[in-house]
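See structure below.
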Amino acid sequence: MAVYAIGDIQGCHEELLRLLDRIHFDPTADTLWFVGDIINRGPRSLDALRFVKNLGPSAIMVLGNHDLNLLAVREGIRSTKPSDTLDDILHAPDADELLTWLRQRPLLHYDKTLDTVLVHAGLPPQWRVKQARKRAREVETVLAGNDYPAFLQVMYGDRPRKWKKSLQGMDRLRFITNALTRIRYVDHKGRLDLNQKGAPGTQPKNLTPWFAYPGRKSMDTRIVFGHWSTLGLRLSHNTVALDTGCLWGGEMTALRVDAPETTLFSVDCPGAATP
């Protein structure tokens, strides 16, 4: 029995299957953790989504920003972009079943035995893991409920930038969602910067990668995340970044989460999109 965390798939279904062959995945014994962004921009988003869903209890998936975007597009709140590859899902005969399942996925998963958090993008520096789990459940409850379109309608926006306990309503839910699915950098006051996407070293001097923020309150727990393809594979500050840019011609990477030492597997990707 093994637990593997896998970086962003983004519709690169064939590469996912090759990676599972590489790790000798056994769905009757092993568990796969997916960091989110299963779909979009790659050539086989529908196949990837169906595959992960059909894994049942053998898979744990957290929502990424592209997954949330699909839900918003489905509700007519967002329009597709030329680079999107969502039409196959939207027009599939099982679209309602797939998207109902998708919006019931968590934003954060915590394994107490492994003391490891799985999240798409990261955590703001003000949150301890216990707080992050509670905040994630607030949004999960809304997404799984009947009024989820009202949240999707106001989900987009970059403000508020900093967490306050006093945040209420949609501002509170928007911050939580941005923190868990979009964060890369924070400024010296711990405020989210959602514009910079480059690798560390390219950002303005007042910004720091979220995981390297001094005094980050979640530092004691290992965090596995994706989302940041320009960061690539990186193990630092008790975090593991797993988005190794398969979509862009990089690799698809898996981490053996339950191994006593860091154990990584990867397959090369031809690249389905141009950076």
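The values are calculated or read from the model by the stated rules, or taken from the named source; none is laboratory data. Note that the coordinates shown come from a computational prediction; the quantities given were computed from them, not determined experimentally. Here Cβ is always computed from backbone atoms with ideal geometry, including for glycine, and neighbour counts include all displayed protein chains.
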Q: Please state which of the following conditions Asn65 fails to meet, knowing it meets all the rest: (1) free of Cβ contacts under 8 Å to residues at least 60 places away in the same chain; (2) crowded, with 17+ Cβ neighbours inside 10 Å; (3) of a type in the set (S, T, N, Q).
A: (1)
Q: Scan the range 196-204 and give yes if some residue there is surrounded by fewer than 17 Cβ atoms within 10 Å (Cβ to Cβ) and of a type in the set (Lys, Arg), otherwise no.
A: yes
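Conditions (1) in a loop (DSSP other than H, G, I, E, B); (2) within 18 Å of Leu143 (Cβ to Cβ); (3) out of contact with any Phe, Trp or Tyr (no Cβ under 7 Å at 6 or more places or on another chain); (4) among the basic types (Lys, Arg), marked per residue:
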residue	(1), (2), (3), (4)
Lys162	yes, no, yes, yes
Arg174	no, yes, yes, yes
Thr177	no, yes, yes, no
Val186	no, no, no, no
Gln196	yes, no, no, no
Pro200	yes, no, yes, no
Pro214	yes, no, yes, no
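To keep it simple, each residue is scored yes or no on (1) part of a helix (DSSP H, G or I); (2) touching a Leu at 6+ places or on another chain (Cβ under 8 Å); (3) more than 21 Å from Asp37 (Cβ to Cβ).
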| residue | (1), (2), (3) |
| --- | --- |
| Lys134 | yes, no, yes |
| Glu138 | yes, yes, yes |
| Val142 | yes, yes, no |
| Thr208 | no, no, yes |
| Ile223 | no, yes, no |
| Trp228 | no, no, no |
Q: Identify the residue in the range 246-255 that is assigned to a strand (DSSP E or B) and either in contact with a Phe, Trp or Tyr (Cβ under 8 Å, 6 or more places away or on another chain) or of a type in the set (A, V, I, L, M) (or both) and, among all such residues, is surrounded by the most Cβ atoms within 10 Å (Cβ to Cβ).
A: Met252
Q) Out of Asp220, Asp243, Asp258, Asp187, which single residue is surrounded by 15 or more Cβ atoms within 10 Å (Cβ to Cβ), more than 15 Å from the chain's Cα centre (by Cα), charged (D, E, K, R) and under 24 Å from Arg133 (Cβ atoms)? A) Asp258
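From the list Ala132, Ala95, pick out the single residue that is crowded, with 18+ Cβ neighbours inside 10 Å and either over 19 Å from Phe175 (Cα atoms) or at pLDDT 95 or above (or both).
On the way: Ala95 fails: crowded, with 18+ Cβ neighbours inside 10 Å.
Testing whether each residue is crowded, with 18+ Cβ neighbours inside 10 Å and either over 19 Å from Phe175 (Cα atoms) or at pLDDT 95 or above (or both) leaves just Ala132.
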Q) Can you tell me how many residues in the range 31-57 are surrounded by fewer than 19 Cβ atoms within 10 Å (Cβ to Cβ), assigned to a loop (DSSP other than H, G, I, E, B) and either of a type in the set (D, E, K, R) or touching a strand residue (DSSP E or B) at 6+ places or on another chain (Cβ under 8 Å) (or both)? A) 1
